[in-house]
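All remarks here apply to the structure that follows.
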Amino acid sequence: GDSGSKARSCAEVRQLYGAKGFSLSGVPQAEISGEHLRICPQGYTCCTSEMEENFANKSRSEFEAMMKEAGRSVQAILTAQHRSFDSYFQDLLNKSEKALYDAFPSMYGELYTQNVKVFKDLYGELRRYYRSSNINLEEALNEFWTRLLERLFKLLNPQYHITDEYLDCMVKHAEQHRPFGEVPRDLKVKATRAFIAARSYAQGFLVGSDVVRKVSQVSLSHECTRAIMKLMYCPHCRGMSSVKPCNNYCLNVVKGCLANQADLSTEWKYLMDSLIGVADRIDGPYNVDTVIGTIHMRIAEAISNLQENKDSITSKVFQGCGNPKISTKGSSGEDKKRRGKVTLEAKSSAQALEMLVLDAKGNLTALKTYWITLPSSLCSKKVMASSASDDKCWNGMTKGSYLPEVMGDGLANQINNPEVEVDITKPDMTIRQQIMQLKIMTNRLGNANIGNDVDFQDTSDDMSGSGSGDSCPDDVCGKRLSKSPSTRQPETHAIPKQSGHGVHGASSRSLPSASLLLLLSVIALWR
């Protein structure tokens, strides 16, 4: 230790100890023999057994607070990205719905006013699907067009008494002749791809944030607590309050303490890459801004097609279903026709989407290495370790240089960690579960990247998510995925269970592979 009266005085330790909220009663004024110490080197010391224990508990709580603070900054970034995109997407849908309500009364008269609920129900289903309700989007769109056709056929043929049975027959015959033109088929393809990508993208941010939150709450092991104490407070006990910990020494301690957390890195990077890939789709080939922002225009186009082909469609329906009875009411159909020419416009927000995606990609790229750079970040910014070349730093025993090599990242690389005793055969189960959640979400995004649907838990109350399958590091994260992905509707990041249907009728045949993956993962953890 340092020579002279300063080394023998415990004034600095007393000041620190009091500042941490502890009583100075029993705190030595000068160094005492350290045979009683269990963590710090047993030379001359300013710490009693009680002080060592208090400092150990303090170091534990402070380090856990550092972890949570670092995690909160990542959570804030991901949550902000979700909020920005969610606000943009909801606004896009709201504007389309409002434009429909504003324009359709003057365009279609009773064709609209008597069928308002049909349009409201459509937008309601679209919103529920985006919020991750268990809704089959393809079926919802098909149902909309069927209901609309039934309503409009009756209104366009008011002179006939058309029963429900006749409508069933009419739908079967009319659909063969595409009464709405190519709009339903085209909109179904484009809208489903856009919605699948949008909701998977939004959910990905929330899952990432939730994983960070849960991992940040994992408690430190007993061995880690001892190592953190030795790193942060033992130099004070030795009368070396001004000596900073050696950087490599700090890295070995933190890497040992966060060995399990570092194992998140591979799947975390895959998730970030998958979010970037879907972001490119949203602002690229899936053209979310145009597709979602013009839904009302496509519906207007479809209604116009029906009006223009009314006589032809009616004739073909009568041929297939017979002539319905003449209605005794005999109402006029003038008010049911288009009242006037109204130009529908879609206000583009493509530039806003481009900026959103650009900002998100920048943040996601920066977060890719979060878990493996966390030790160096904590050592430099929180522990305030000395520079790597410093030979007058705290090395765990005294002031000098630190000779051991720095360990690699992850649990397996800590087998020879000189500072923290790590049992590499017992991975932390909470973190293993979160690794699985990252794989699941990456698989969802991979499916979204190629236009395949997956089911989500309703997020109106719980904004967590999960799914099934392996991670996929490829740029197009779905090359090795089945065309009918398995689906899940679990509790918050719990082991998945089956639910629902997807846009393409997610096949139950692929479910056993996901179950097998989970089973093998659990077996591997306990071997």
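The values are calculated or read from the model by the stated rules, or taken from the named source; none is laboratory data. Keep in mind that what you see is a predicted model, and the values were worked out from it rather than measured. Cβ placement follows ideal geometry from the backbone for every residue including glycine, while neighbour counts extend to all protein chains displayed. In case anyone asks, the SASA skips ligands and DNA or RNA and just uses the protein heavy atoms, side chains included. Shrake-Rupley method; radii C 1.70, N 1.55, O 1.52, S 1.80 Å.
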Task: Breaking point among (1) closer than 14 Å to Leu258 by Cβ; (2) modelled with pLDDT under 95; (3) in contact with a Lys or Arg (Cβ under 8 Å, 6 or more places away or on another chain), for Val406 - done: (2)
Task: Contacts under 8 angstrom Cβ, first residue in the range 36-53 being among the aromatic types (Phe, Trp, Tyr), partner in a loop (DSSP other than H, G, I, E, B), 6 or more apart - done: Tyr44/Gly1; Tyr44/Glu31; Tyr44/Ser33; Tyr44/Gly34; Tyr44/Arg238; Tyr44/Gly239
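Working only within the range 393-426, note down all residues that are among the charged types (D, E, K, R) and exposed (fewer than 13 other Cβ atoms within 10 Å of the Cβ). Give the derivation first.
Of the range 393-426, the ones among the charged types (D, E, K, R) are 399, 405, 409, 419, 421, 423, 426.
Residues satisfying the conditions are Glu405, Asp423, Lys426.
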- [ ] State which residue pairs qualify: first residue closer than 23 Å to Ser401 by Cα and inside the range 368-390, second residue surrounded by fewer than 17 Cβ atoms within 10 Å (Cβ to Cβ) in any location, beta carbons under 8 Å apart, and separation of 6 or more residues or different chains.
- [x] Ser386/Lys392; Asp390/Ser401
TODO: Pick out the one residue from Arg8, Arg38 that is open to solvent by 50 Å² or more (accessible area, probe 1.4 Å) and under 46 Å from the mean Cα position of the chain (by Cα).
DONE: Arg38
Task: Residue list for the range 193-221, restricted to those being open to solvent by 10 Å² or more (accessible area, probe 1.4 Å) and among the β-branched types (Val, Ile, Thr) - done: Val218
- [ ] Determine whether the range 256-267 contains at least one residue that is in contact (Cβ under 8 Å) with a residue 60 or more places away in the chain and more than 16 Å from Asn413 (Cα to Cα).
- [x] yes
Open item on the list: Can you tell me how many residues within the range 118-135 are at pLDDT below 90 and open to solvent by less than 20 Å² (accessible area, probe 1.4 Å)?
Closed with: 2
Task: Any chance Lys337 is out of contact with any Cys (no Cβ under 9 Å at 6 or more places or on another chain), at pLDDT below 90 and open to solvent by 70 Å² or more (accessible area, probe 1.4 Å) - done: yes
Task: Extreme residue, nearest to Arg8 (Cα to Cα), among residues of the range 41-56 that are open to solvent by 30 Å² or more (accessible area, probe 1.4 Å) and at pLDDT 95 or above - done: Thr48
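Okay, residues lined up against (1) more than 24 Å from Lys269 (Cα to Cα); (2) not in a loop (DSSP other than H, G, I, E, B):
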position	(1), (2)
Ile372	no, yes
Val383	yes, no
Ser386	yes, no
Gly396	yes, no
Val406	no, no
Pro418	yes, no
